[in-house]
1. Sorting Trp64, Trp15 on the 10 Å Cβ count, fewest up front, what's the list?
2. Taking 1 over the mean of 1/r across every pair of different Cα atoms in segment 8-147, what Kirkwood radius in Å do you get?
3. I need the phi-derived Karplus couplings for segment 24-35: 6.51 cos²θ - 1.76 cosθ + 1.60, θ = phi - 60°, integer Hz, Gly and Pro marked x.
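The numbers here are math on the coordinates, done by the rules we state, and not lab data. Fair warning: this is a prediction, and the values are worked out from it, not measured in the lab. Note: ideal-geometry Cβ built from the backbone for every residue, glycine included; neighbour counts use all protein chains shown.
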Amino acid sequence: MRKFKLNPHTKKLKWLMVLVLSIDTTCTLIGQPDSYWHSPLTGNEGNDFFRLFLVQGYIPFIIWSILYILAMLILVSLIPGRTAAVIMYALILGHYFGASTWLDYRFGFGASGPIIYGALISLAIVALNGNNNGSSSVEEKSSNHRNHGH
């Protein structure tokens with residue numbers, strides 16, 4: 001079996017992905033109406049697939065969520081770097097959106113909630129990138145390419 005190496009940014013990014021997925025799951029549970037806790041069929045979830053588990057009760061939903069997060073973690077750990085990065089960014093963006101809907105509509109933060117949450121995720125991505133000079137790796141490669149006459 002071929003072993004793929006993740007670059008250091010991708011290795012760190014997977015833990016941010018786990019955090020963002022966990023925040024979405026937490027917001028989903030905390031944001032349930034009072035009726036959910038004695039009648040799970042009243043569960044509120046915009047994603048029909050996740051709703052299948054939510055309406056079974058909070059324990060099946062938590063179990064499903066843990067299995068889902070673990071499966072995504074294993075998936076991005078086993079596939080090649082760029083493909084893993086694309087999947088991680090897609091999951092981060094998708095679950096950022098999921099949590100943002102809770103922050104805005106259910107918890108009453110309005111547009112400020114998603115903006116601040118998005119800024120925090122962006123700061124984490126930049127910090128994980130590890131470039132202290134503020135340039136992205138693409139900018140650095142381009143600059144190195146020009147400076148070395150390639």
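1. Trp15, Trp64
2. After inverting the mean inverse Cα-Cα distance, the result is 16.6 Å.
3. Result, ordered by residue: 4, 4, 5, 4, 4, 6, 5, x, 5, x, 3, 5 Hz.
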